[in-house]
Amino acid sequence: MKVNELREAFIEYFQEREHRPIPSASLVPHGDPTLLFTTAGMVQFKPYFLGLERPPAPRLTSIQRCFRTSDVEEVGDDDHLTFFEMLGNFSIGDYFKSEAISWSWEFLTDVLEIPGDRLWATVYVEDDEAYELWSAIGLPDERILRYTAEQGNWWGPPGDTGPMGPCSELHYDWGINTGCETCDVGSCHPDEGCGRFLEIWNLVFMQYELLDDGSQRDLPAANIDTGAGLERLASVLQAEKSVYMTDELKMLITQAESITGHEYDPANYETAFALRAMSEHARAFTFLVTDGVLPSNEGRGYVLRRLIRRAVYFSRKLDVHANFFAKMVATAIDISLPNNPDLHDNRQFLLDLADSEESRFRATLDRALSLLEGVLEESRATGIISGKDAFTLYDTHGLPPELTREVALSHGFQVDLTEFEVEMEEQRERSKNSSDNDQQTDVAKHYAAVGIASEFVGYADLTSSSTIRFIETASDRIELASDEISVIFDQTPFYPEGGGQISDTGTVSSERGQGLVIDVQRFGESIVHRIKVTSGHFADSDSVDCEVDPARRLNISRNHTATHLLHSALRSVLGEHVRQAGSYVGPDYLRFDYTHPQALADDELEALTEIVSSKTRANITSATLELPYEEAIERGAIAFFEDRYTADVRMVEYCDTRGHAPEHEHSDHCYSRELCGGTHLSSTGLLGDFLILSDSSIGAGLRRIEACTGDAASIELRGQLKTLRDVAHKLQTNYKDILPRIEALEGNITALESELKQHQSSSAEQLAQNLAEQAKRLGDTNLLLVETTSTQSQLREISDELQSEFDSLILVLAGTSDQSTSLLVSVSEDLISKEIDSRSLVANITDITGGGGGGRPQLAQAGIKDSSRLREAYAQVEGLLRAQLMD
Ligand code: SER
């Protein structure tokens, strides 16, 4: 049976038994911080087992892609895989051991036609029930083994906490002569790991949850979680002892054979090992990347990087010195495509990534390995490779320490990984202290040395005829793509990024070349243009026509003028303490950071919008003046405190009060006057619509407004109106009546909530009646110690109900709801004279469970920290009361 037929047969078998098929979840578990990867089929169902969420159906089945890192170094032998698929059937509080056992047997022996006498079962040492069930199926006693947890018959939790339980495993027997010598005498069994047996299915009887503090509690129900390794089961069906010889993985081996020119021969162990490792890691890479993992030096990304590097290392052992990994990945994609259509869209990305990662590593691998050889030679006396050496191999040559260790071990050496960690930590510290600023400084120094002054002519003109004064191509500066150049002109209309305003873009053309200006930066006197050459080429001294993208420039200027108007409006509305703390001015929106201690009220935001809009309607003409800094400040210009100003400064002003009330006026009728090097509108009327998108806190006393203008604002406003119309439509009313309609709906909700409350209190009454029957007698007194799922207010009602039911009652009532547990203790009046006090009973309990509270002698309440210890606390209180009341 082919692997894909096996997938289909499994799902079909369990679908016939009312299991709902669930698609595989990602290899990166979502919302589960306890796990790095999805390691089993049950991972996506954890919330169902824990009773946190309702499953879509009580019986589920899946083929889950899994990734396990525990055995990476063994990948290359016959059956270890990091990536594999797990066939599973699951019961969430539905069927239990009997069905799980008989269906697994039926599927293996009837559907897959595996001879029953080849199967052995193991059960948890104390699990008589499972033992009996296997016995009833007809397995002879010598093939039902009782194993301990250490021998593998207790499964879970995956990660440090979570669901777990005893399990029963099915093993396939390859035959008495297929393992070690003891097999001949017939005394070996699956746990010996002699190669005769292959574990093919694990049936977990999920009943417990392991908690943070190491204690365990019962899961809300008894569940079934089974997992059968697809590749292993296929190897049994295809009578291939190695999973790599099953039909899908075999195609990868064939590809690896053709890449390396080495034939796969299990007898030639080293070659076979390398071919298998190359194949496995390519397939694992394909799925990890598809699920969003990218190579990096940390976490999941590091695991991925290790796999690639290990595969490259093994390819090199087979004398492959050119990139091969992408070819293997292509085969992995082809094999898996029918069941994973996502791979199609990712294909090119996967191939490119495989190739670039491999190139990076190969660039230093030869040197790393020859260094490692030297290190091995030098360490011969101690047999230990120092952490320092392992660190240099990693840091300078990219050899993962795990790989160093693997190579070292194969030569009988150890690696001092503790010292390696110390070196790593020191490097982390060092890298914290160096920053991007250093690189920036280097670039600035570079252009200072070039020392060519350029004139910015872009305030008045969006075009210019310029001459190239300096040109740099990719070969000079390594970070540039091959078709990008850096150019300095004598004069330019392109605004270089500065003062919060991003740089212009546009086109340049000469007689022999065309290009797009994609970024412009100022370094001292030089304005450097990054240009993507689209045709021909450029050379020093060429005459070039420059043209700024006019629509984009207009939108940028709209946003820049709006920040000035907004700045003044903030000072008008909130006070003169407001200072600009930073800004971003782009074509699409603006961001304005300012000092102010609290969030803006709705009417303040409204006032800001109205001021900017009214200044826009007034269509005020701008004026720009060059004048000495002191004079500008004297005239009331605002200077952004982070900018450094030269002797003569540029001042942008909008002076006109038409269209707005006098309280928003500044001296000599100038509404806005700022020192600024940016580009602005010639008159405010061009600004168009103005819309504040958000006002938020970005630190103590610092706030940020995001806003947009012009086309972006009108599109946003139209969108908002449409949403309003849609809401009105949904509420079956017109937009003016939306609020009354919502108020009416809120009224309905309140009525329903109070109905629900009534219902809950009648259920509290019901619960009280049921509980009354569980009371224990301590002499004349009744004692009730109960755990419920009631809320705090329901506990009160239950207590009132029960206290009225009994003459003499000590009630200890815990309620867990919304993941927190409350405790209520009440005692009837007659017991007060017998020195029974609710408060001390509460204290007795919280001494054990943690938490605290208080109250009166008759009634006390507390919050409970660790509800798993309630039972223990109850037992203790009962003992105390018995001693006190029965003496
Ligand atoms: N969770 C169990 C395992 O991974 C059975 O699916 O083996």
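Throughout, read-outs are computed from the coordinates displayed, never taken from laboratory work. From a predicted model like this one, the values you see are computed outputs, not experimental measurements. FYI the Cβ positions are ideal-geometry reconstructions off the backbone, even for glycines, and counts take in every protein chain you see.
Descriptive notes on the structure:
- Loop-located GluC sites (Glu not before Pro) in segment 209-295, at most 15 other Cβ atoms within 10 Å (DSSP): Glu263
- Placing +1 on each Lys and Arg Cβ and -1 on each Asp and Glu Cβ, with no other charges, gives the chain a dipole about its Cα centre of roughly 1580 debye.
- Ordering of 210-219, 85-94 by packing [mean C-beta count within 10 Å, highest first]: 85-94, 210-219
- Using θ = phi - 60° and Karplus 6.51 cos²θ - 1.76 cosθ + 1.60, couplings along segment 116-125 (whole Hz; Gly, Pro as x): x, 6, 8, 9, 10, 10, 10, 10, 5, 3
- For the listed peptides 329-338, 348-357, a ranking on the average number of other beta carbons within 10 Å per residue, highest first, reads 329-338, 348-357.
- Across segment 683-695, computed HN-Hα scalar couplings (Karplus, 6.51 cos²θ - 1.76 cosθ + 1.60, θ = phi - 60°) run 8, 5, x, 6, 5, x, 6, 10, 9, 7, 8, 6, 9 Hz from first to last residue, x flagging Gly and Pro.
- Nearest-ten-degree value, helix 401-410 long axis tilted from longest Cα axis of the chain: 50 degrees
- Three-way shape call for segment 74-119 based on the alpha-carbon gyration tensor, with the a/c threshold at 1.5: oblate
- Mean Cβ count within 10 Å, highest first, over the residues of peptides 5-17, 730-742: 5-17, 730-742
- Between 0 and 90°, nearest 10: helix 269-290 axis offset from the chain longest Cα axis: 60 degrees
- The GluC sites (Glu not before Pro) of segment 715-815 that DSSP puts in a loop, and whose beta carbon has at most 16 other beta carbons within 10 Å, are Glu773.
- Helix 838-849 vs. the chain, principal-axis angle (Cα, 0 to 90°, nearest 10): 90 degrees
- Dipole magnitude of segment 287-366 about its Cα centre (Cβ charges: Lys, Arg +1; Asp, Glu -1), debye to nearest 20: 380 debye
- With one equal scatterer per alpha carbon and no solvent term, the Debye-computed log10 I(q)/I(0) for the chain at 0.06, 0.08 1/Å reads -0.73, -1.10.
- DSSP finds beta bridges in segment 761-887, and of those with both partners inside it, around 75 percent are antiparallel.
- Mean ellipticity per residue at 222 nm, deg cm²/dmol - from DSSP H runs of n ≥ 4 across the chain, formula -39500 (n - 2.57): -13000 deg cm²/dmol
- Toward the positive end of the charge dipole of the chain, with +1 on the Cβ of Lys and Arg and -1 on the Cβ of Asp and Glu, the farthest Cα among Gly575, Ser98, Asn153 is that of Gly575.
- Furthest towards positive pole of dipole, Val289, Ser70, Gly636, structure part the chain, Cβ charges: Gly636
- Rounded to the nearest Hz, the phi-derived 3J(HN,Hα) couplings of segment 7-22 under the Karplus curve 6.51 cos²θ - 1.76 cosθ + 1.60 (θ = phi - 60°) are 4, 5, 4, 5, 4, 5, 4, 7, 5, 4, 9, 6, 8, 8, x, 10, where x marks glycine and proline.
- For the residue pairs Lys722/Lys757; Lys757/Lys865; Lys532/Lys722; Lys97/Lys757; Lys2/Lys317; Lys241/Lys317, alpha carbon separations beyond 30 Å are given by Lys722/Lys757; Lys532/Lys722; Lys97/Lys757; Lys2/Lys317.
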